[in-house]
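These notes concern the structure reproduced below.
The values are calculated or read from the model by the stated rules, or taken from the named source; none is laboratory data. Keep in mind it's a predicted model, so treat the numbers as computed, not measured. Glycine also receives a Cβ, built like all others from the backbone with ideal geometry; neighbour counts cover every protein chain displayed. Only protein heavy atoms, including side chains, enter the accessible area calculation; ligands, DNA and RNA are left aside. Shrake-Rupley method; radii C 1.70, N 1.55, O 1.52, S 1.80 Å.
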Amino acid sequence: MGLKAIPCMLFRGGTSKGVFFKREDLPRDRKLWDEVILKVFGSGDPLQIDGLGGSRINTSKVMIVWKSERQGVDVDYLFGQVGIEERFIDWTGNCGNLTTAVGCFAIEEGLVKPIEPVTTVRMYNVNTSKRVDALIPVKNGQIVYEGDYMIDGVPNPGSRIDLVWYDPGGATTGKLLPTGNGRDVIKVEGRELEISIVDSANPAVFVRAEDVGLKGVELPNQIDKKTLEKLEIIRSKAAKLCKFVEKEEEATVKSPHFPHITIVGRKQDYVTVQGRTIKKEEYTIPARLFSLQQMHHAYPVTGAISTASAAKIPGTIVNELAEERGEIVLIGHPKGIIDVKIKTKRSNQGVTIESATVGRTARKLMSGITYYL
């Protein structure tokens, strides 16, 4: 039958990398998308050697973008977390890092007209039904990718792109606190354990590092199999509480991606993956996020928004451990620090997250045609 071809772009957005398609370039039949994308990525193999996938969680992602028909929105976009060894695509959440590149892709593809000096691309994430604005530097009708803004987890600087997430609460479950509580108690290995579940940009369950025998400043290679198994038990119980599954035993298969599980600890000096010392005065809370039973190499933006939101909600474990520094929350992660600006509104009903702003960088890596069988 020969090779089939689809136009695409490869982008780095924040600390993630993914393949971008315009919706009209994919098959008209939505049911065919998963199979086509899995073939393009080479999924079903740990190296994804026969496709464009990067063999890691943060480099096996897909974005589908199209011109929006919604009032006040420029483009709609759909995110998929593409399986690596397993041939599946999780369409249930969003990727905050890769969202940075959605606005760039829209400008590059002519879906949005570039306006100097900053083009605001108004985006709507279909996965979570949430608005996000990307503020992209532009000069002479072109995106300015080069700059001196550094983000931890990316080796080279770029121009700063601010992402503004509006009303991020309840992105997947419909509620900022899916259980209605700042913290819940579950039983793990015969003893009670406190957790906090917060859904802001994406759902996450938080647990004190010390409650699972950790400090909260560990690096990916310092987490053993037994600890990963315990964290998956906790995450699975949270998935049931979020009503993602009926039985917690089903979570690993039926809801493998959400909620993320994050350990948070007490502030202390620590050393990053690259050997850099992070002083406890430099950040407000240390955190380690796990996705698909692996510690994230840095920190996902949506996870940062959930963590920063939790820091502003009285009664949560994160709020208990986080240092108060006004609207700014500085999260210490395995490769450094990510900062989130959180605007809140307080009422008799509790705390509402009005917006979250995160600075990122992005770069177009490739534009062309991908082929698959």
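Quick notes on this one:
- The residue among Gly368, His257, Ser60 whose Cα reaches farthest toward the positive pole of the charge dipole of the chain, with charges on the beta-carbon of Lys, Arg, Asp and Glu, is Gly368.
- Crossing angle, helix 225-241 versus the chain [Cα axis fit, 0-90 degrees, rounded to tens]: 80
- Val118 accessible area, assembled protein chains, probe 1.4 Å, Å²: 70
- In the stretch 170-262, the GluC sites (Glu not before Pro) that fall in loop regions by DSSP, at most 11 other Cβ within 10 Å: Glu189, Glu246
- Heavy-atom surface of the chain, accessible at 1.4 Å and reported per residue (Å²): 44
- Axis angle, to the nearest 10 degrees, between helix 301-311 and the longest C-alpha principal axis of the chain: 30 degrees.
- Here Ser55 sits with roughly 40 square angstrom of accessible surface, probe radius 1.4 Å.
- Neighbourhood net charge (13 Å Cβ-Cβ; Lys/Arg +1, Asp/Glu -1) for Gln274: +1
- Placing a pseudo-label 7 Å from each Cα along the Cα-to-Cβ vector at Glu35 and Met366 gives an inter-label distance of 2.4 nm.
- The GluC sites (Glu not before Pro) found in the stretch 302-344 that occupy coil by DSSP, while having at most 10 further C-beta atoms within 10 Å, are Glu324.
- Across the stretch 259-269, rounded Karplus estimates of 3J(HN,Hα) from the backbone phi angles (6.51 cos²θ - 1.76 cosθ + 1.60, θ = phi - 60°) give x, 5, 10, 10, 9, 10, x, 8, 4, 6, 5 Hz, Gly and Pro being marked x.
- Contact order relative to length of the chain, as percent, for alpha carbon pairs under 8 angstrom and 6 or more apart: 19
- Whether the stretch 1-81 is rounded, prolate or oblate, judged on the alpha carbon gyration tensor where a/c under 1.5 counts as rounded: oblate
- Solvent-accessible surface ranking, highest first, for Met123, Met366 at 1.4 angstrom: Met366, Met123
- Summed residue charge, Cβ within 13 Å of Ala106's Cβ, Lys/Arg positive, Asp/Glu negative: +1
- Note on the stretch 200-258 and the stretch 79-144: Cα centroid distance 28 Å, given to the nearest whole angstrom.
- Cut-off 12 Å between beta-carbons: net charge of the residues surrounding Gly216, Lys and Arg +1, Asp and Glu -1: +3
- Leading residue at positive end of dipole, the chain (Cβ point charges), from Asn140, Ile161, Thr100: Asn140
- Between Asp211 and Glu85, the contour length at 0.36 nm per residue exceeds the Cα-Cα span by 42.2 nm.
- Projecting the Cα atoms of Tyr270, Ser291, Ala310 onto the charge dipole of the chain (Cβ charges, centred on the Cα centre) puts Ala310 farthest toward the positive pole.
- Coil-residue GluC sites (Glu not before Pro) of the stretch 5-111, DSSP, other Cβ within 10 Å capped at 15: Glu69, Glu85, Glu86
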